[in-house]
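The values are calculated or read from the model by the stated rules, or taken from the named source; none is laboratory data. Owing to the predicted nature of the structure, the values given are computational and were not obtained by experimental measurement. Cβ placement follows ideal geometry from the backbone for every residue including glycine, while neighbour counts extend to all protein chains displayed. Areas reflect the complete protein model, heavy atoms only, side chains present, ligands, DNA and RNA absent. Shrake-Rupley method; radii C 1.70, N 1.55, O 1.52, S 1.80 Å.
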Amino acid sequence: MPQLGADMSAGILTRWRKQVGDVVHRGDIIAEVETEKGNIDVEVFSTGTIEKFLVDQGQRVPVGTVLAWIREEGEPPQAATRAAAMPEAARPAAPAPPAAAPTAVPRQAARAVSIERLPISPSARRLARELGVDATTVTGTGHGGAITREDIERAAAEALARPTAAAPGLAAPAEDRSARIRQTIAAAMSRSKREIPHYYLSTTIDMHRALEWLDQENARRPVAERILYGALVLKAVALALREVPELNATWEEGRVVLKKNIHIGVAIALRQGGLVAPALHDTDQLTVGELMTRLRDLVNRTRSGSLRSSELSDPTITVTSLGEQGVESVYGVIYPPQVAMVGVGKIVERPWCVDGQVVPRRVVTATLSADHRVSDGHRGGLFLAALDRRLQEPDQL
Amino acid sequence: MNSEELRTVVLRVLGQIAPEADPAAIKPDVNLREQLDIDSMDFLNFLIALDKELHIDIPERDYGHLTTLDACVGYLMARRPGQ
């Protein structure tokens, strides 16, 4: 079960799209998974023959659970060390034994000890009480098996993800789901604010040239090929990231991991509530026209619940815009393990100084929320300056 | 195609964009984007679908004429092929 977002702890395997014995290639869709963000197509990350499914349709399993075995060419059948239909990043460090039950990476059995005698930090113990988690049933992943705050948050999210028996006073199923989504988001955002030392920068960008270029470009395009200004901004962000690559990175296990590819996560509001930020892969490599086509497809598939797993696991940075809601400046909360988020506000007309004259200009406020462990204000400022510069040359995007 | 038929087409297309909306509850003289929580991508999809159904390409400079259901129908009536 892949990790399809920092706040995901489990998913339901709703349907196998292949059968045992089928040959699959890297990138093929092998299953559909239901998460809080909707139904996601899970891709295979190896080429071979499906040997065995380890999870039944309809079964809910934690992130990291081995879903299936794929025998690569040249390997003997029933190889004990074959990883399954999981992305490399989600594979457990230790190989799963062939007769392993479909559970996550081997866990310690629940210990029948009181919470006072558990290896658990005081803040994790407090959090367990706040979230109603029985810490004696939680497996610790900290040093020496200590229970961390993350372990408690994960246990709380898993408990919410499990169907509960009907009881007096419980909300109706739709409200339960909505409450679960909110609590999952709450846990992820709380973790982000707690662990990531955010700093914030903003700049106001003259959009005159970009919007004039866009008007001329769209006047000659049929409606199905027209470009929204958001596509221009995304391309400009992608090119600016080439100049400040430390913002296109993740923070993993206490160190920064720079990413070679630029996959911008686009924050997309769902019509039924909630937010998803799937990746536009290789954003810097696309022409503006290609980017707009991909963006339109991504938004439509997000809202119809047809995303691919790589689109949820691959973003290297996120761009969010609340301009259409009338917001002029948005300072986002970084999605861990990313290290930055770009915010774009509403285009407004303001007095602007051009060649010594005050003229009305359409401008937009762009913001950067960044992880101070990875970058500092100087580099963040260089990024915003690069973004501004790119938007002054829209024909070069 | 008369205005009622055109209105039906517009409502059908809006239903594809905002499937949770009740077509009977859409107020004809209230801003569509606010009523249905439609963003710029939804609006573009709306225009693309109208073009596909009615073969009417709406230039960007005219987007401001399509604010309400009544305004959409009136605009499209005047630009039906053959008019």
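Applying a DSSP loop filter and a limit of 11 other Cβ atoms within 10 Å to the GluC sites (Glu not before Pro) in segment A:177-272 leaves A:253.
Using the Cβ of residue B:6 as centre and a radius below 12 Å, the other residues enclosed give a net charge of 0, where K and R count +1 and D and E count -1.
Using only the Cα atoms of segment A:232-389, build the gyration tensor, take square roots of its eigenvalues as a ≥ b ≥ c, and label the shape rounded, prolate or oblate: rounded if a/c is under 1.5, else prolate if a/b is larger than b/c, else oblate. Oblate, since a/c reaches 1.5 and b/c is not below a/b.
Among the GluC sites (Glu not before Pro) within segment A:32-73, those in coil by DSSP and having at most 11 neighbouring Cβ atoms inside 10 Å are A:73.
Report relative contact order for chain B in percent, whole number only (criteria: Cα-Cα under 8 Å, sequence separation at least 6). Contact order relative to length: 40 percent. Total buried accessible area between B and A, probe 1.4 Å, nearest 100: 1500 Å². Modelled spin labels at residue A:216 and residue A:34, positioned 7 Å past Cα toward Cβ, are 5.2 nm from each other. With θ taken as phi - 60° and the Karplus curve 6.51 cos²θ - 1.76 cosθ + 1.60 applied, the whole-hertz 3J(HN,Hα) list for segment A:380-397 is x, x, 4, 4, 5, 5, 5, 4, 4, 4, 5, 6, 7, 10, x, 6, 9, 6 Hz, x standing for glycine and proline. For segment A:295-397, the share of DSSP beta bridges that are antiparallel, to the nearest 5, is 75%.
Once the 1.4 Å probe is applied to the protein heavy atoms, the protein assembly as shown comes out at 49 Å² accessible per residue. At an R0 of 25 angstrom, the distance between the Cβ atoms of residue A:200 and residue B:35 translates into a FRET efficiency of 0.15. Of all aspartates and glutamates in the structure, the ones whose alpha carbon falls short of 18 Å from that of residue A:52, not counting any fewer than 8 places away in one chain, are A:22, A:28, A:32, A:43, A:72, A:73, A:75.
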